[in-house]
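Student: Could you have a look at this structure, given as structure tokens, before my questions?
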Amino acid sequence: MLKISKKVAIISLIALFAYSLNAKEIEIVSLNAASQKTTIKVPQNPKRVAVADMASLDTIDALGFGSNVVGLTKAQKVYYLGKYNDDKNIKNIGSVKEVDLEALMSSEPDIIFIGTRLASQYDKLSKIAPVVYLGIDYKNGTFNSVRENVNTISKIFGVENFANDKFNKFEKRLKDIKEKASGKTAILGLVSSSSFNTLGNEKRCAMITTDAGFENVVLDAKTTHGNDSSFELVLKLNPDYIFVLDRDSAISKKGAKLAKSVMDNELINKTKAHKNGNIFYLNPSVWYLSEGGITAMDLMIKDLEEALRYP
């Protein structure tokens, strides 16, 4: 649990006072501690940015404002964003689940970006600097939600129309995928600690079904990490495709059994997905850590294009 020391509390008040005197503000729509949409004021074109969310880092990088990052949760690493983890001038402010408040304060941020894992700490972090919390609204569709979040970040940095062309192209690619995926069934699976969990349409990886058009044959998975499922169930449902996300690889868990080894068993080998070469292993760090960023969207669509064997 995060605790704010007396020293941090005093520094926080000083930082917020300085911010209020110097920053030109704009209004954006973000989420609050209850994960509800709310309008907040943030600095326009912030020069000192703290990031505790890989999707936000992805977008900030793609927009060309990576040099503004002064603090980053370095416990997690996405391979194509590794330069930020390795940059000694960027302070390590902990993990996407628990922020080091002293380190965060010492980075003197104008703004803080967080994701769902830190929602419960929103109020505490807001005492340091304005907090932008942009989660994915799976009910609205992954693609639409990501596009909305990217537009919000673009507005903060004064480049509101920068990503429009990219997302128009992404949308066309998804439309092509949806046409090819029409009528094809799928199971979305998360492998963690050698167990196999099925995912529904309102959580991680939902873009495969809600946006890309595969029919999810398991729709009762409500939690973030899905429901424990037996391989017997997978064989019984026998989908055309099985998409697998290796959580342990995404978080670089030491000594973990790889998802491919977990899935290599007699029951899975009897499925038509296996027989037809349609068990597809998703890019783990992208789908698990940076889902929601501009580059991540491109890579996720590429995964689906590859699964359907084109272009």
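Please treat every number below as a calculation from the coordinates, not as lab data. What you see is a predicted model; the values in this text were computed from it and never measured. Don't worry about glycine lacking a Cβ; one is built from the backbone with ideal geometry, like all the others, and counts go over all protein chains shown.
Student: Counting only the backbone N, which residues of segment 27-55 are under 19 Å from the spot 7 Å out from the Cα of Lys77 toward its beta-carbon?
Tutor: Residues 51-55 qualify, since their backbone N sits under 19 Å from the label point.
Student: Using alpha carbons only, how many angstrom separate the centre of segment 273-311 from the centre of segment 79-148?
Tutor: 24 Å
Student: I've got another one for you. On full extension of the chain, what length is gained from Lys166 through Asn140, given 0.36 nm per residue of separation minus the C-alpha to C-alpha distance?
Tutor: 7.4 nm
Student: In debye to the nearest 20, how big a dipole does segment 238-311 give about its Cα centre with +1 on each Lys and Arg Cβ and -1 on each Asp and Glu Cβ?
Tutor: Roughly 300 debye, rounded to the nearest 20.
Student: Now a separate question. How would you classify segment 181-311 from its alpha-carbon gyration tensor, with a ≥ b ≥ c the square roots of the eigenvalues: rounded for a/c under 1.5, else prolate if a/b is greater than b/c, otherwise oblate?
Tutor: Verdict is rounded for segment 181-311.
Student: Please arrange Leu104, Leu219 by counting, for each residue, the other beta carbons lying within 10 Å of its beta carbon, fewest first.
Tutor: So the ranking, lowest neighbour count to highest, is Leu219, Leu104.
Student: Over the Cα atoms, compute the radius of gyration (one decimal) and Dmax (the largest Cα-Cα distance, rounded to a whole number) for segment 121-196, in Å.
Tutor: 17.4, 50
Student: Which is farthest toward the positive dipole end of the chain among Leu101, Gly135, Ile251, measuring Cα position about the Cα centre, with Cβ charges +1 (Lys, Arg) and -1 (Asp, Glu)?
Tutor: The residue sitting farthest along the positive end of the dipole is Leu101.
Student: Taking the square root of 5 times each eigenvalue of the Cα gyration tensor, what semi-axes in Å does the equivalent ellipsoid of the chain have, largest first?
Tutor: On the way: eigenvalues 276, 88, 51 Å².
After diagonalising the Cα gyration tensor, the semi-axes are 37, 21, 16 Å.
Student: Also: Working from the pairwise distances between different alpha carbons, so that the mean of 1/r is found and then inverted, what is segment 25-135's Kirkwood radius in Å? Before the final figure, lay out each step's value.
Tutor: On the way: mean 1/r = 0.0732 Å⁻¹.
Kirkwood radius, segment 25-135: 13.7 Å.
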